[in-house]
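This report concerns only the one structure given below.
Values quoted throughout were computed directly from the atomic coordinates according to the rules given, and no laboratory measurement underlies them. Only a predicted model underlies this, so the values are computations on that prediction, with no experimental measurement involved.
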Amino acid sequence: MASHDEGYRAGEAKGRAEERTGQMMDTTRDKAEAAKDKTREAKDQTGSYASDKADAAKQKASGAADATREKAEAAKQKASEMTESARESAESGKEKTAGVLQSTGEKVRGMAESAKETVKQAFGMGGGDPADKVDTDQRKA
């Protein structure tokens, strides 16, 4: 149950990280488009000087978009690592649980065998030394 919850939480974290990344990308894209539009307007109004400034603004917007993409990729990678870590943790817990259950099963099986032998001996149905049965029969007589 815990491993399922960990996997679920890791999946949720990854989903949230991807959603935030998408939002950041959209915001940056919108800002870049706005900057591009402003640059075009300025170029039309002021000529060559504005054109130089517009190119600088484009480069700056492009750099910001690239930086956002890199951050988004890093967030995606981090979410993926967290998911893998949660998956490994869940697998480890699963293996530990299996060992405990196997050990418990063996103990219960041993106790049942012991109880079975005790009942057999109590009713003289076997499992013991035949000489013991003869001694018991002789005592009854």
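Within the straight-line cut-off of under 18 Å between alpha carbons, the aspartates and glutamates reachable from LYS94 are ASP5, GLU6, GLU84, sequence neighbours fewer than 8 places apart in one chain being disregarded.
Once the Cα-Cα distance is subtracted from the 0.36 nm per residue extended length, the ALA34 to THR118 segment shows a gain of 21.5 nm.
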